[in-house]
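Taking it in order: structure first as C-alpha cells, then the write-up.
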Amino acid sequence: MKRYSCIIVDDDPATVDLLNEYIAEMAQLYTLASYTKPLLAKSGFDNMLTPVDFLFLDMQMPIMNGDVLYAEIKSLVHNLIVITSYGDAALSAFDVPAKAFLYKPIRQAKFVLLLERFIAELMVKDQYIILPITPKRERVKIYLNNVIAIESQSNYINIYKTDGILKCYYSISDLEQDLLPFSSFFRVSRAFIISTDHIQAMSLNHVKLDNEMTVQVTRSYTEKYRAYLEHVKKS
C-alpha cells in the first residue's frame, strides 16, 4: 500500500498536535515533519529533495504569512491544504492555489472525508495498465487518468488519451474485465468504454467527452448509464 507524506505548518501547537493525531490514524498517510515556526519550515523545505504530497499550511502566522512561505516552497508541494481560523473574506487576500480549506476547529470527520477523497484521486493518477501495441506483443504502460475512451475495432482497440490515440492489440471485452476494479470506467456500447473523469456533457443517450468526441449509449447499456446519470444529478 502506498503511503502519502504530510507536512504541517501552523503557529498553534494544539492544531499541529491535532493534525498529527488525525494523520496517524489514517493508514495511507504519515507525517514527514511539523513546524510551529514558518522560518524553520522554510529551512526544512530547503533541505528536501522530493516534494511532499500534502502540505497543511496556516495562512496568518508571525514573521512570515503562509502565502509568503508557499511562494518560496511551492515547487516542493504537490497538494496545498490551507488551515485557518478566518472566513472566506479574509482568505481572499491570500493568493494561493489551495486544493481545499480546513477551518478551525478542525473536525476529524471532515478531515478524514476530505483526505480520503484526495487519496482516491492520487491513487487513480498512479494506476496504469500494460497493453500490447504490436501484433508481436510489444507492450506499453498506459496511465488510466490519461484515458478518455476505448473504442473497439475489428482486431484491435483505439485508446483515446489526453495526448493522442494509441492502437493496441487487445479485445475490448478483456479490457473491460481488467478495468472492473476502477469505478471511473464503464461500457456504453459494444464498441465503447468511457472514463467518467473525462465527461464534458451528458444527455439521455449520448455522452460528450473532453476530446470533443460524442459517443452513443446503446440499448443494452442504457439502464446502467441512466442510473449513473441520476447519480450525477443528485450529487
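What FRET efficiency comes out for GLN60 versus LYS2 if R0 is 41 angstrom and r is the Cβ-Cβ distance? Round to the nearest 0.05. Don't jump to the answer; show the numbers that get you there.
Numbers: r = 33 Å, r/R0 = 0.81.
That pair, GLN60 with LYS2, gives E of 0.80.
With 10 angstrom as the radius, rank ASP58, ASP197 by how many other C-beta atoms surround their C-beta, starting from the fewest. Could you put the intermediate results ahead of the total?
Working: ASP58 23, ASP197 16.
The order, fewest Cβ neighbours first, is ASP197, ASP58.
Within 10 Å of each residue's Cβ, count the other Cβ atoms and sort THR214, THR84, THR196, THR50 from fewest upward. Can you show the working numbers first?
On the way: THR214 11, THR84 21, THR196 14, THR50 8.
In order of increasing Cβ crowding within 10 Å: THR50, THR214, THR196, THR84.
Given LEU102, LEU114, THR134, which one lies farthest toward the positive end of the charge dipole of the chain, if we put +1 on the Cβ of every Lys and Arg and -1 on the Cβ of every Asp and Glu?
Working it through, the farthest residue towards the positive pole turns out to be THR134.
Nothing charged except the Cβ atoms of Lys and Arg (+1) and of Asp and Glu (-1): what's the magnitude of the dipole of segment 103-235 about its Cα centre? Round to the nearest 20 debye.
Numbers: 19 positive and 14 negative charges, 60 e Å.
So the dipole magnitude of segment 103-235 works out to roughly 280 debye.
FRET efficiency for VAL112 and THR50, Cβ-Cβ distance as r, R0 = 22 Å, nearest 0.05? Walk me through the intermediate numbers first.
Working: r = 26 Å, r/R0 = 1.16.
Plugging the Cβ-Cβ distance into 1/(1 + (r/R0)^6) gives 0.30.
Given q = 0.12, 0.16, 0.19, 0.20 Å⁻¹, what are the Debye log10 I(q)/I(0) values for segment 129-234, with equal point scatterers placed on the Cα positions and solvent ignored?
Here log10 of I(q) over I(0) equals -0.38, -0.67, -0.94, -1.04.
List the GluC sites (Glu not before Pro) within segment 127-235 that fall in a DSSP loop (any state other than H, G, I, E or B) and whose Cβ has at most 11 other Cβ atoms within 10 Å.
On the way: sites: GLU138, GLU151, GLU176, GLU212, GLU223, GLU230; in loops: GLU138, GLU212.
Answer by residue number: GLU138, GLU212.
Starting from the 7 Å offset along Cα-to-Cβ, what nm value, one decimal, do you get for the label separation of LYS167 and LYS74?
So the two model labels end up 4.3 nm from each other.
Using the Kirkwood radius built from alpha carbon pairs, what does the Stokes-Einstein equation give as D for segment 1-99 at 4 °C and 1.567 mPa s, in µm² per second? Walk me through the intermediate numbers first.
On the way: Rh = 13.6 Å.
Translational D for this selection: 95 µm²/s.
Suppose we flag trypsin sites (Lys or Arg not before Pro) only when DSSP calls them loop and at most 16 other Cβ atoms lie within 10 Å. Which is the longest uninterrupted stretch of the chain?
Working: sites that count: LYS2, ARG3, LYS99, ARG107, LYS136, ARG137, ARG190.
That would be 4-98.
Give me the dipole magnitude in Debye, nearest 20, for the chain about the Cα centre, with unit charges on the beta carbon: positive for Lys and Arg, negative for Asp and Glu.
Working: 25 positive and 27 negative charges, 213 e Å.
Computed charge dipole of the chain: roughly 1020 debye.
Give me the distance in nm between label points sitting 7 Å out from Cα along the Cα-to-Cβ direction at ASP17 and ARG137, one decimal.
6.0 nm
Relative to the longest principal axis of the chain, what angle (0 to 90°, nearest 10) does the C-alpha long axis of helix 222-234 take?
Between helix and principal axis, roughly 20 degrees.
Based on a Kirkwood Rh over C-alpha pairs, give the Stokes-Einstein translational diffusion coefficient of the chain at 4 °C and viscosity 1.567 mPa s in µm²/s. Don't skip to the answer; put the middle values down first.
Values: Rh = 20.5 Å.
The diffusion coefficient I find is 63 µm²/s.
Let a ≥ b ≥ c be the square roots of the eigenvalues of the Cα gyration tensor of segment 130-183; is it rounded (a/c under 1.5), or, if not, prolate (a/b larger than b/c) or oblate? Walk me through the intermediate numbers first.
Working: a/c = 1.43, a/b = 1.19, b/c = 1.20.
Cα axes put segment 130-183 in the rounded bin.
Extension gain ALA33-TYR103, at 0.36 nm per residue separation less the Cα-Cα distance, in nm? The partial results should precede the final answer.
Details: separation 70, 0.36 × 70 = 25.20 nm, distance 2.10 nm.
Full extension of this stretch gives 23.1 nm more.
Place a point 7 Å from Cα of ASP126 in the direction of its Cβ. Which residues in segment 7-35 have their backbone N less than 13 Å from it?
Flagged as within label range: 27-30.
Multiplying the sequence separation of ASP178 and GLU223 by 0.36 nm and subtracting their Cα-Cα distance, what value in nm do you get?
On the way: separation 45, 0.36 × 45 = 16.20 nm, distance 2.18 nm.
Difference between extended and current length: 14.0 nm.
Among THR218, HIS198, VAL82, pick out the residue whose Cα is farthest towards the positive end of the charge dipole of the chain, where Lys and Arg carry +1 and Asp and Glu carry -1 on C-beta, about the Cα centre.
Most positive-ward Cα: THR218.
Rule-based calculations on the coordinates, nothing more; no lab input. Not measured: the values here are computed from a predicted model. Glycine also receives a Cβ, built like all others from the backbone with ideal geometry; neighbour counts cover every protein chain displayed.
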